[in-house]
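Below is one structure; the comments refer to it alone.
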Amino acid sequence: MPTHDVFNGSVSRVEILSADGSIDEQLADEVRDVLDDEAVVAAYREMLVARELDDAAYRLQRSGRMGTFPQNKGQEAGPLAAAMTLIAGHDHVVPSYRENIALFHLGLPMHQILLHWMGDERGNDIDPKLGISPICISIGAHLPHAAGIGWKLKIDNDKHGTDRVCMAFFGDGATSEGAFHDGLNFAATGDAPVVFVCQNNGWAISVPTEKQTRSQTFAQKALAYGMPGFQADGNDLFASFKVCRDAVRHARAGNGPALVELTTYRIADHTTVDDASRYRSKEEHERGVASDPLIRTRRYLEARGQWNDDLEKQEKERATRIVKEVIATAMEIEKPGKSDIFDYAFATTPRELERQRETRRTGSLGQSPRQSTLSRVEADEAVTV
Amino acid sequence: MPQLNLVDSINLALRQELTRDESVILLGEDVGLNGGVFRLTDGLQKEFGEARVRDTPLSEGGIMGTAVGLAHAGMKAVPEIQFEGFLGPAYDQLVNQAARCRTRNRGGMTCPLTVRVPVGGGIHAPELHSDSPEAVYVHTPGLKVVMASRPKAAKGLLASAIRDPDPVVFFEPKRVYRSFKEDVPDDDYTIEIGQAEVLETGDDLTIITWGASVFRCLEAADALPDHISAEVIDLQSLWPIDVETIVKSVSRTGRAVVVHEAPKTCGLGAEISALIQEHCFLNLEAPVQRVTGFDVTMPYYKLENDYLPDAARIGKALRETAAY
Ligand SMILES: Cc1ncc(C[n+]2csc(CCOP(=O)(O)OP(=O)(O)O)c2C)c(N)n1
């Protein structure tokens, strides 16, 4: 018996808007039904605000008003384009931490992101109507959640004739975790309407793509699980939109999950406690900065007579104003009460936990009142709430 | 003798063990070129090469499972898990594979690995970067668990852990990483796993603690009125546990307070209280007290100090116990 191929697959890459602002008109026409000039102007304005928030978050961290923050800088176009393919409140999003702009686009109040990184759980108190899961810190752990959410959406879609999808965001590093493979496999075998969006920024902290995987692309991993894989230039609003819309259409139509790889560049350090100059060359960094999606989108709009220096100045001022307000909102929120740590552990707080809350209040732990010598220790030494 | 902080003393121990024994191998996320997110393995890849200090793909299950395989093949693997919260994805390999290895193989195929893991709160880190899960691993038969709180002890303990023929979880209290320096001998020495250290001697009560809580206990003990003197024991080895040192001290003082960051229920404080009760019942002058974290998820950092036992809370328990 001769051998014969039992599997053939390929992944193609989509690029529409190049770094100098020139565009593939034919491909662009395919998405102009949504990305007309007005929409691109609106997208650029959103990017300016997101960039300003990112820079402001960095300053908050440096001035000691915020903890570690993972910057989104340079990765605005892909997630925004992805979010533009979703219907807010109808579809569900399972985020990681480097796509703030997608969450803002879908209605998450911006100050909640700051609150989260300021070490306040209320940042995760997301209006359920938005259909946004909390930011996931554990790399890849949320991808099986997307499969589970997608499963439920499929049940609803089948029953009610709806077409809801779930979109999950993650980085290139996340594809190495077992949970990534579980997420894809479960979504695929369950025909769940899930779109997996990998933002490949070339690095997982200090580990470059080529040490993360020997696959040429992350998109091709989809093929092994029996779903289509797409790749696009993630700094290109048009290309990102095109592949995400193709993937979302595929899932909405009931054909199961799809994977999208958006190649991009993390302009900033991994987080505010990282120093990328230890592992990243200056040349590479300069190349990355040159591919900044903001510059590219602006050039495009300028070429079409939709943007100019005055507008730029005016819109940057607007972004500064908005972000100032967002920061003020986040900073004005009072620290949660100390007793807050006991409030959400269970739906009904068990008696033992109530006892612990009480011992927290009085300052010692484990004292049975009958054994306690509290009376013999000066009362004013008790730690007050 | 160099003055080193905890990070540098652990780095020195790793360097010396890599030099001493060719079968020692380091692996983990960012441990190579970047020297780890805490810069703890800084310089080691440069000195020993990528074959011995390797950046791995981002997968704790992969890191731990591969380390088990290396150990099966006769290497001494030293995997790093970046933060204790990420032991989660590695749990199966550590608990269900590494820990059972010797028993299952009747000693034939063993598992000499040393899992290094930063642990604990107090550094304003994001979620899953501040937990204290040590009791989970102490409760796992087949694992040794240590937590060094001071640079000198850390160096000796890590050397012992790496040379140990069984799997050891080596927790590093990240709050202490750069908080102080002490003299650390650069010659080769080991500290026995299973040996607690008495940091301060005293007559009226015994404090048993480990990790970053050691320093809060010392602070609380210092603030006691002159007529109360506390003995402070840094447990250091959480399993095997140094029952003798605890019993000797508590039999003499008659009073004990156990302090840890981890949640209260089934925390090590429960085990130590039970051991004291078993061994020292007739010497006890007061009920054993526990000052611990609470049975809640470690809060995001705005409230972490309301969760962590501080010197005030510890001090109050000490005074109450002494007055009993
Ligand atoms: C399970 C787990 N392991 C380790 C970490 C520590 N960590 C945080 S981000 C990161 C790299 C993530 O890289 P990638 O998935 O490519 O996303 P990026 O940060 O580049 O957007 C690591 C190792 C973590 N958060 N979760």
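Some points to look at:
- Test: residue in the stretch B:52-74 that is away from the ligand (no atom under 16 Å from the Cβ), over 16 Å from B:G142 (Cα atoms) and within 14 Å of chain A (Cβ to nearest Cβ): yes
- The stretch B:302-324: number of residues that are within 7 Å of chain A (Cβ to nearest Cβ) and outside any helix (DSSP H, G or I): 1
- Filtered residues of the stretch A:24-61 (kept if surrounded by 17 or more Cβ atoms within 10 Å (Cβ to Cβ) and outside any helix (DSSP H, G or I)): A:L35
- Any pair with Cβ under 6 angstrom, 6 or more apart, that starts in the stretch A:233-249 at a residue that is closer than 22 Å to A:L301 by Cα and ends at one that is open to solvent by less than 10 Å² (accessible area, probe 1.4 Å) and among the polar types (S, T, N, Q): A:G234/A:S240; A:L237/A:T297
- Test for A:T263: is it among the polar types (S, T, N, Q) and closer than 15 Å to A:Q71 by Cβ: no
- B:E231 acidic (D, E), part of a loop (DSSP other than H, G, I, E, B) and over 27 Å from B:V37 (Cα atoms): no
- Hey, B:V78 away from the ligand (no atom under 16 Å from the Cβ), open to solvent by less than 40 Å² (accessible area, probe 1.4 Å) and within 14 Å of chain A (Cβ to nearest Cβ) or not: no
- Of the residues examined, B:P263 is one that is over 26 Å from B:L224 (Cβ atoms) and within 11 Å of chain A (Cβ to nearest Cβ).
- Subset of the stretch A:63-73 (residues that are more than 16 Å from the ligand (Cβ to nearest atom) and charged (D, E, K, R)): A:R65
- Flag for A:P128 being open to solvent by 10 Å² or more (accessible area, probe 1.4 Å), within 16 Å of the ligand (Cβ to nearest atom) and either closer than 20 Å to A:A251 by Cβ or not β-branched (V, I, T) (or both): no
- Hits in the stretch B:266-301 (condition: more than 8 Å from chain A (Cβ to nearest Cβ), within 23 Å of the chain's Cα centre (by Cα) and either open to solvent by less than 10 Å² (accessible area, probe 1.4 Å) or of a type in the set (A, V, I, L, M, F, W, C) (or both)): B:C266, B:G267, B:L268, B:G269, B:A270, B:I272, B:A274, B:L275, B:I276, B:V288, B:G293, B:M298
- Output for the stretch B:201-239, where each listed residue is over 27 Å from B:G122 (Cα atoms) and either touching a Pro at 6+ places or on another chain (Cβ under 8 Å) or open to solvent by 10 Å² or more (accessible area, probe 1.4 Å) (or both): B:T201, B:D203, B:D204, B:P225, B:D226, B:H227, B:I228, B:S229
- Scope the stretch A:157-184; condition more than 14 Å from chain B (Cβ to nearest Cβ), open to solvent by less than 30 Å² (accessible area, probe 1.4 Å) and over 17 Å from A:L86 (Cα atoms); matching residues: A:L184
- None of A:F342, A:F346 is free of Cβ contacts under 8 Å to residues at least 24 places away in the same chain, open to solvent by less than 20 Å² (accessible area, probe 1.4 Å) and more than 16 Å from the ligand (Cβ to nearest atom) except A:F342.
- Set side by side, the residues A:A239, A:A232, A:A187, A:A219 differ, and just one is buried (at least 24 other Cβ atoms within 10 Å of the Cβ), away from chain B (no Cβ under 14 Å) and within 16 Å of the ligand (Cβ to nearest atom), which is A:A219.
- Those residues of the stretch B:104-147 which are in contact with a Pro (Cβ under 8 Å, 6 or more places away or on another chain) and more than 23 Å from B:L303 (Cα to Cα), in sequence order: B:T110, B:C111, B:P112, B:L113, B:T114, B:V115, B:R116, B:G142, B:L143, B:K144, B:M147
- From A:R298, A:R249, A:R266, residue being out of contact with any Asp or Glu (no Cβ under 9 Å at 6 or more places or on another chain) and part of a helix (DSSP H, G or I): A:R249
- When the stretch A:74-92 is filtered for residues that are more than 16 Å from the ligand (Cβ to nearest atom) and either farther than 19 Å from A:D54 by Cβ or of a type outside the set (A, V, I, L, M, F, W, C) (or both), the ones remaining, listed by number, are A:M84, A:T85, A:L86, A:I87, A:A88, A:G89, A:H90, A:D91, A:H92.
- Pairs with Cβ under 7 Å, 6+ apart, first in the stretch A:192-210 and in contact (Cβ under 8 Å) with a residue 12 or more places away in the chain and more than 7 Å from the ligand (Cβ to nearest atom), second open to solvent by 10 Å² or more (accessible area, probe 1.4 Å) and β-branched (V, I, T): A:N200/A:T209; A:N200/A:T263; A:N200/A:T264; A:G202/A:T209
- All of A:I327, A:I322 fail the test of being more than 14 Å from chain B (Cβ to nearest Cβ), touching a Leu at 6+ places or on another chain (Cβ under 9 Å) and surrounded by 17 or more Cβ atoms within 10 Å (Cβ to Cβ), apart from A:I327.
- Unmet criterion (only one of (1) at pLDDT below 95; (2) within 14 Å of chain A (Cβ to nearest Cβ)) for B:E29: (1)
- Pairing residues of the stretch B:84-98 that are over 16 Å from B:G121 (Cα atoms) with residues that are part of a helix (DSSP H, G or I) and β-branched (V, I, T), at Cβ distances under 8 Å and at least 6 apart in sequence or on separate chains, gives B:A90/B:I63; B:Q93/B:V68; B:Q97/B:V68; B:A98/B:V68.
- A:G305 meets the conditions (1) more than 27 Å from A:D24 (Cβ to Cβ); (2) not in a helix (DSSP H, G or I) in every case but one. The failed one is (1).
The values are calculated or read from the model by the stated rules, or taken from the named source; none is laboratory data. Just so it is clear, the structure is predicted and the values come from calculations on it, not from any experiment. We place every Cβ from the backbone using ideal geometry, glycine too, and count neighbours over all the protein chains shown. The protein model used for the area step is the full one, side chains on, heavy atoms only, and it has no ligands, DNA or RNA in it. Shrake-Rupley method; radii C 1.70, N 1.55, O 1.52, S 1.80 Å.
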